[in-house]
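Worksheet: the structure to be examined is printed underneath.
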Amino acid sequence: MTTPLKIALIGAGAMGRQHAGYLAKEPAAALVAIADPFSPALAEETGIRHFTDHREMLDRVRPDAVIIANPNDLHVATAIDCLERGVPALLEKPVACSREEASRLIAAQRHHGVPILVGHHRRHNPVAERAKAIIDAGRLGRLATVTGMWQTRKPDDYFAMEWRRRPGAGVILINLVHDLDLLRHFCGEIRAVQAITQNALRGFEVEDSAVIQLEFENGALGSLTGSDGVVSPWGWDQNVNEVPLYAKHLDQSCYFLAGSEGALAVPQLKLWRYGEQRGWQHQLTCESHRFPEESAQQRQLAHFLEVARGQAEPLVGVADAARTLAVIDAIQEAARTGTRQVPLAT
Ligand SMILES: NC(=O)c1ccc[n+]([C@@H]2O[C@H](COP(=O)([O-])OP(=O)(O)OC[C@H]3O[C@@H](n4cnc5c(N)ncnc54)[C@H](O)[C@@H]3O)[C@@H](O)[C@H]2O)c1
């Protein structure tokens, strides 16, 4: 058996705790140090060495790889600190807070040649792999419309952390970034967007609700509706058995894709098609596709260890994640100006 990789964690809040839990179940890795200037709690509970400054931790502990789960607006600077020390990183999403920031990280990564895996963990979920395979096999025919939802009511104390109320956060950058990443993965690149956002439910500087229209390069049209302040069973986190924190409504779907030959409800992977006769007067048949139940986050971690050992290319690299950021920048601009926007190249 190979020696476990020494992993350090930067940011020990809600997500950092989850990463520590996945690490505890992974025999090929060992959590050796935690850096968090404000919260020593996780280090105290686990007996793992604590630092208040991640740079000091990197220099003194010299980990084989790091997991970065600090607030969004620190991602790029922290990742560059790791690159400069030659330490591969699993960087939580969003990769950056803007397309420009992401471009800075792309340049630094090319310069240092050290891998970064961006934490779009849904891509590691077997249900996402299976959905992509069904679409790529042409079972929907020509993809024409896509309807996505991520809607839930976050508890009010979620917003006690100031960074979650300020620019750099908001439901688009914190949550819909995952849906946009996955819709790009399923349907291809996004050519243009229009959007309406509002902050009336929570009254913060950042949006709590958004309705986004998407034009894909392959001609498909999409809509994505998101809110962190409404009662709803519709969203990946409620509909997929992935992160235990969220109450589950596993019989509900969050994405509906329709094409010239079939329609697919995700995550149930119900594929609707005509039999011999086509047309709205004829009954559709429904095939239910199965997929293995495996933790997306645990699979992401196993993949990250391969990336850190130089045995695999990141499934979601910085340039890929930056394209989702470019779409988000275009969405914010579309919402601000009420115009159709084309995402800029990264
Ligand atoms: N992949 C997912 O599904 C998912 C889910 C939740 C959060 N996230 C991401 O994880 C990150 C953290 O989110 P969270 O919900 O855990 O936030 P959080 O506020 O609970 O935790 C952030 C932690 O970072 C610490 N921190 C602040 N400045 C720091 C610094 N300079 N160095 C190290 N630590 C620092 C804070 O003290 C806090 O403990 C965010 O980027 C968020 O978008 C991803």
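Give the distance, in whole Å, between the Cα centre of the stretch 79-157 and the Cα centre of the stretch 305-346.
Using only Cα atoms to place each centre, the spacing works out to 7 Å.
Is the shape of the stretch 126-293 best called rounded, prolate or oblate, per the rule: a/c under 1.5 gives rounded, else a/b larger than b/c gives prolate, else oblate, with a ≥ b ≥ c the square roots of the Cα gyration tensor eigenvalues?
Prolate shape, in that a/c is at least 1.5 and a/b is the bigger ratio.
Would you mind getting the accessible area per residue of the chain, heavy atoms of the protein chains only, 1.4 Å probe, in Å²?
45
Rounded, prolate or oblate: which one fits the chain, using the alpha carbon gyration tensor with axes a ≥ b ≥ c (rounded when a/c is under 1.5, else prolate when a/b beats b/c, else oblate)?
prolate
For ALA41 and HIS112, FRET efficiency with R0 = 35 Å and r from the beta-carbon atoms, rounded to 0.05?
0.60
Excluding ALA200 itself, calculate the net charge of residues whose Cβ lies under 12 Å from the Cβ of ALA200, where each Lys or Arg counts +1 and each Asp or Glu counts -1.
Net charge around ALA200: -1.
Can you tell me which of ALA24, ALA308, ALA65 moves the most in a GNM of the chain? Springs connect C-alpha atoms under 10 Å apart.
Highest fluctuation among the options: ALA24.
Once each part is reduced to its C-alpha centroid, what is the distance from the stretch 231-294 to the stretch 37-57 in angstrom?
42
Cβ under 13 Å from ALA326's Cβ, ALA326 left aside: what net charge do those residues give with Lys, Arg +1 and Asp, Glu -1?
-3
Can you find, among GLN277, PHE256, ALA302, the residue farthest towards the positive end of the dipole of the stretch 226-346? Put +1 on the C-beta of Lys and Arg, -1 on that of Asp and Glu.
GLN277
Heavy atoms only, probe 1.4 Å: what % of the accessible area of the chain goes to carbon and sulfur, would you let me know?
51
Farthest toward the dipole's positive end in the stretch 242-346, which of GLN311, PRO267, ALA335, given Cβ charges of +1 (Lys, Arg) and -1 (Asp, Glu) about the Cα centre?
ALA335
Report the antiparallel proportion of the DSSP beta bridges in the chain as a percent, rounded to a multiple of 5.
Among the beta bridges of the chain, antiparallel pairing accounts for roughly 55 percent.
Once the Cβ-Cβ distance between GLU287 and GLU189 is put in as r, and R0 is 25 Å, what FRET efficiency do you end up with, to the nearest 0.05?
Once the sixth-power term is evaluated, E becomes 0.30.
Order 117-123, 245-251 from most to least packed using the mean count of other Cβ atoms within 10 Å.
In descending order of packing, they fall as 117-123, 245-251.
Comparing ILE331, ILE212, ILE67, which has the greatest mean-square fluctuation in the GNM of the chain with Cα pairs linked when under 10 Å apart?
Most flexible of the set in this elastic network: ILE212.
Could you tell me the relative contact order of the chain? Use alpha-carbon pairs under 8 Å, at least six residues apart, and round to a whole percent.
Once divided by the residue count of the chain, the mean separation gives 19 percent.
The values are calculated or read from the model by the stated rules, or taken from the named source; none is laboratory data. Predicted, not measured: the structure shown is a model, and the values here were computed from it. Cβ atoms come from the backbone with ideal geometry, glycine included; neighbour counts cover every protein chain shown. Protein only, heavy atoms only, side chains kept; ligands, DNA and RNA dropped before computing areas. Shrake-Rupley method; radii C 1.70, N 1.55, O 1.52, S 1.80 Å.
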